[in-house]
Amino acid sequence: MTPLVQCIIDRIIKEGPITFEAFMQMALYHPGLGYYSSSRTAIGRDGDFYTSTHLHPVFGAMIGRQLIEMWMIMGRPAVFHAVEIGAGNGYLCKDIIDYLLKPSEDPSIVQDKNGFLNSIRYVIVEPYDHFQERQKKLLREQNRSNIVSWVRSLHDIDNVVGCIFSNELLDAFPVHLVEMDNGLKEVYITYDGEKFEEKLDNVSTTDLVHYINQQHIELQTGYRTEINLQIKKWLVEINKALSMGFLFTIDYGYTAREYYNSDRTKGALLCYHRHLFNENPYQHIGEQDITAHVNYSSLKKWGDEFGLKTLGYCPQGTFLVAAGIDEAITELYSDSPDYLSEIAKIKGLIVPQGMGESHSVMIQYKGEGLPELRGFSMRNQLRGL
């Protein structure tokens with residue numbers, strides 16, 4: 001029995017059955033022992049899962065191009081904050097800065113890059129020392145001019161003018177598990193002396209019922225799903241930190257209509273261990289990732305409440321194509337002897353069979369007007385939310 005499992009058992013013995021959200025919180029974030037809070041955690045091809053940043057550096061280049069467009073829309077402010085939450089090993093930051101520093105033959109691109117480099121203040125929000133150490137080691141060359149700084153929490157920054165962004169962050173927020181059984185019930189975790197077991201009981205908070213009603217969700221008897229209330233708490237922090245600018249979210253997810261349709265009766269909870277997925281969160285505790293897809297409709301609805309206006313929502317692949325990934329490929333790799341090989345790797349970012357369709361992009365805005373972004377010019381699915 002691992003120390004983390006013993007901690008969970010001790011809590012159940014002391015408090016009685018705990019919500020799945022509490023279980024997931026401990027499994028992922030218990031100090032020093034949880035999946036993300038442990039220094040043992042590896043992300044990437046040598047770990048349990050990989051993200052778009054591990055597929056190809058052009059993903060970071062496209063985020064860099066998007067940040068430049070945002071900076072231009074905002075009137076080229078002298079200081080533009082690019083705040084990344086959940087930076088992992090730091091590869092996205094590295095690829096963004098590498099793109100910004102790379103010379104270009106197009107004078108207009110050079111001018112925009114140079115102006116943006118003079119304005120950008122890149123901030124990584126990272127609460128864990130082991131991730132900070134990995135990031136600082138990886139970014140040693142890129143950060144010679146101290147473009148990048150670190151904070152431990154969104155509470156440590158304010159008056160952000162620019163963009164707060166994340167890639168595969170919200171899907172790792174602990175979720176409540178609920179099931180329809182003579183009314184809405186919640187899944188609680190108990191321990192029978194040998195293994196963890198689930199039991200249904202009354203919901204731990206009426207916010208779960210309010211969520212169901214607010215999202216106009218109708219659940220049939222036996223229907224089980226997840227509810228992520230932590231996104232709303234996170235948006236409160238975002239709203240406090242962001243003075244003016246954009247919230248840029250990339251993640252697995254659906255609209256509420258897709259998430260809670262009648263065919264998805266067991267929800268979208270998945271676990272990842274050594275690049276294999278499973279549906280059992282009660283094994284490899286602290287050694288596997290536990291995720292739940294994002295309900296983008298809730299992100300929009302709650303964002304609206306805080307004055308974060310949703311500008312667009314669409315699949316990642318569509319966004320990257322509309323935003324000009326072909327131009328970035330030409331700019332970066334047209335003279336490369338491995339051009340065709342690069343294209344083959346990049347396809348995983350945009351094709352429907354890969355992250356191009358499994359991941360979605362949403363951008364929200366705090367400020368005057370409704371700016372138009374190139375990435376949503378092809379297939380903005382905002383009305384579907």
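Computed from the coordinates by the stated procedures, all read-outs in this text should not be read as laboratory data. The model shown is predicted, which means the values in this text are computed figures rather than measured ones. Cβ sites come from the backbone with ideal geometry, for glycine too, and all protein chains shown count toward neighbours.
Numbers for the structure displayed
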read-out	value
Projected label distance in nm at SER377 and TYR282, using a 7 Å step from Cα toward the beta-carbon	5.3
Mean-position separation - Cα centroids, segment 128-177 and segment 201-234, in angstrom	30
Whole-Å distance, taken between Cα centres, linking segment 261-330 and segment 244-259	7
Cα centroid separation - segment 1-21 against segment 64-83, whole Å	45
For the chain, radius of gyration divided by Kirkwood radius, i.e. Rg to Rh on alpha-carbons	0.97
Value of [θ]222 nm, deg cm²/dmol, for the chain, DSSP H segments ≥ 4, -39500 (n - 2.57) each, nearest 500	-10500 deg cm²/dmol
Cross-link pairs LYS137/LYS233; LYS301/LYS366; LYS233/LYS301 - those with Cα-Cα distance over 23 Å	LYS137/LYS233
For segment 184-230: Kirkwood Rh in Å [reciprocal of mean 1/r, alpha carbons]	12.2
Burial order of peptide ranges 164-172, 181-189 (average beta-carbon count within 10 Å, highest first)	164-172, 181-189
Computed over segment 175-257: relative contact order in percent, which uses C-alpha pairs under 8 Å that are six or more apart	32
Fraction of antiparallel bridges per DSSP, the chain only, in percent to nearest 5	60
Partner aspartates and glutamates for LYS102 [C-alpha distance under 13 Å; skip if fewer than 8 residues away on the same chain]	ASP112, GLU331
Peptides ranked, highest mean first, by Cβ atoms within 10 Å: ranges 373-382, 276-285, 19-28, 248-257	19-28, 248-257, 373-382, 276-285
Share antiparallel - DSSP beta bridges, segment 236-385, percent rounded to 5	90
Cα extents of segment 205-257 along the three principal axes, largest first (Å)	44, 25, 15
Within-9-Å neighbourhood charge of GLY86 [Cβ basis; K, R +1; D, E -1]	-3
Virtual spin-label span in nm between HIS275 and SER358, 7 Å along Cα→Cβ	1.2
GNM flexibility winner over the chain from LYS345, LYS309, LYS195 (Cα, springs under 10 Å)	LYS195
Relative contact order of the chain, defined on C-alpha pairs under 8 angstrom at six or more residues apart (%)	19
